[in-house]
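Remarks on the structure that follows.
Quick note: the coordinates plus some simple rules give every number you see, no bench work behind them. Please read all numbers here as calculations on a predicted model, not as lab measurements. A quick note on method: Cβ atoms are made from the backbone with ideal geometry, for glycine too, and the neighbour counts reach across all protein chains shown.
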Amino acid sequence: MTTAHEPLMARVRSALTGERGRGVIVAVSGGGDSVGLLRMMGDVQEDLDLRLSVAHLDHGTRGEVGREDAAFVADLAGSMGLAFDLGRWAPTREGHFEADARKARYDWLVAIAKKREAALVAVGHTQDDQAETILHRILRGTGLRGLAGIPARRSLAEGVTLIRPLLDVSREEIRGYLAGVGQSFRDDATNADVRRTRNRIRHDLLPRLAAEYNPNVAEALVRLGRLGGEIRAWERHIEHQVEAAVVTVGELAVVLRCEPLRSLPPAARAEVLRRAWRRAGWPERSMTAGRWLRLAATVDRPSARFSLGGRIEVRMSGGLLRLSPSVSGHPEPRADLALTIPGAADWGGIRLVASLESPAPEGEIIDLDRLDPALAADGRPALTIRAPRDGDRFDPLGLDGHTQALNDFFRGRAVARERRRDVPLVCDNAGIVWVVGHRIAHRVRVTGETRRRIVLNAVRSSQ
């Protein structure tokens, strides 16, 4: 390494400082970027106490040229005194080569990392790759998340992390470094095939943009990618706020705690509410920006009740914001109904379904053997669906079997008094099994001793 490359090596060393003392599998294709990565990591290996080894996967599409690439990488690893692993893979599906090859490559690298007891896999993506990726996504119509481009690190598997130490290094700098240390590399002719969109971006579009519009277009795209990374961090923050605020999310109700939302600006509040709304599977067609902001402002009010777009009723009470679809227009339930196991029944615009075992995709799972059901006319076990009654008591999951008045439970869930009679109850001979849209009874919970399960679901019906 010459003094001229010290600023470059300082950046590479900085990118790797946090990996001190760790085992690293360096993925090397034989091309200039991965060879440059290997040589640079070799230069800082001793300073950072890195345990390097080299891995090369032959994708089985280039015949003798591919075998020559593998031999080149093996020789390079040997000259550096590093262990070398060679893998071979062949495509099995037409039209899926890139996706299948990528998966096969990373699966194999994870296997090698575990064999070598290495925590890291390093690949040679560069600043130019980042610019090409972001521009490609823009051309395809990416959203904000897509602007984040290629992450500098991500988990590949438990205990194995992918790192990209050269994301802030240009391909031109790498070629200059290789020339300076007298290191050769292999050229892959497929990288010049302009029938591929990515190669046209690399060899035609980016050079044209640099020549005719902005000579620093690659750096500008990478800066845009850093903004996308900030957006990704903001989205993680929003997801954390959703988890902090949500009490219940289901097709029949969304209940949120207002306290975590009050510290957020209106736009962030609206995004939290939007994500909870989406989790419930409710349509958003009628939800304008103004309606989202109106809903967000409700968080600051001690009490409120109104109807929002999409026939959603909003109620603010006791620090909880409750959203629930209006059930007006559906016939009132006439009498108690039987819900056979398995089976389904319609109740006031809601279809209740009891399935044996999973795979029901979602729902409340209860222990069949903890029920005390009646029998239907055909001899199958059956639960009862009914409306709440005066004096009902309930042992909600999480209260360790302690009961409370159903009205007190509803009050804690911000269910308006006038709407409580609309909430169906699934019951057995011993009492309430499920307050639909809210919680199951503690006594029917699944435990380590459970042998048979029932999955209960509630969906809007067309009745």
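One table, with the values for the structure above:
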| read-out | value |
| --- | --- |
| Listed peptides 179-185, 83-89 by packing density, highest first (mean Cβ within 10 Å) | 83-89, 179-185 |
| Stretchable slack from SER184 to GLU6, in nm (0.36 nm times residue separation minus alpha-carbon distance) | 62.1 nm |
| Inter-label distance for ARG198 and ARG351, nm, one decimal - labels placed 7 Å from Cα along Cα-to-Cβ | 4.4 nm |
| Potential extension, PHE306-ASP43 segment - 0.36 nm per residue separation minus Cα distance | 88.0 nm |
| Listed residue (VAL160, TRP89, VAL272) projecting farthest to the positive dipole end of the chain, Cβ model | VAL272 |
| Net charge of neighbours whose Cβ lies under 9 Å from the Cβ of ALA118, counting Lys and Arg as +1 and Asp and Glu as -1 | +4 |
| Within the chain, percent of DSSP bridges classed antiparallel, to nearest 5 | 75 percent |
| Label-point separation in nm, ARG417 to ASN214, each point 7 Å along Cα→Cβ | 6.3 nm |
| Nearest-0.05 FRET efficiency for ARG226 and ARG175, computed from C-beta distance (R0 22 Å) | 0.35 |
| Size of electric dipole in segment 251-325: Cβ of Lys, Arg +1 and of Asp, Glu -1, about Cα centre, debye, nearest 20 | 60 debye |
| Assigned charges on the beta-carbon of Lys, Arg, Asp, Glu; segment 3-228 dipole about Cα centre (debye) | 800 debye |
| Proximal charge balance of LEU320 [Cβ under 9 Å; K/R count +1, D/E count -1] | +4 |
| Percent breakdown of C-alpha pair distances by 20 Å bin, ordered from the shortest bin, for the chain | 19, 35, 30, 15, 0 |
| Cα→Cβ-extended label distance, 7 Å offset, between LEU375 and SER79, nm | 8.4 nm |
| Residues ALA90 and ARG22, FRET efficiency given R0 of 25 Å [Cβ-Cβ distance, rounded to 0.05] | 0.20 |
| Assigned charges on the beta-carbon of Lys, Arg, Asp, Glu; the chain dipole about Cα centre (debye) | 1680 debye |
| Residue-count net charge about SER53 - beta-carbon cut-off 13 Å; Lys, Arg +1, Asp, Glu -1 | +3 |
| Segment GLU235-LEU399, length gained on full extension (0.36 nm per residue, minus Cα span) | 55.7 nm |
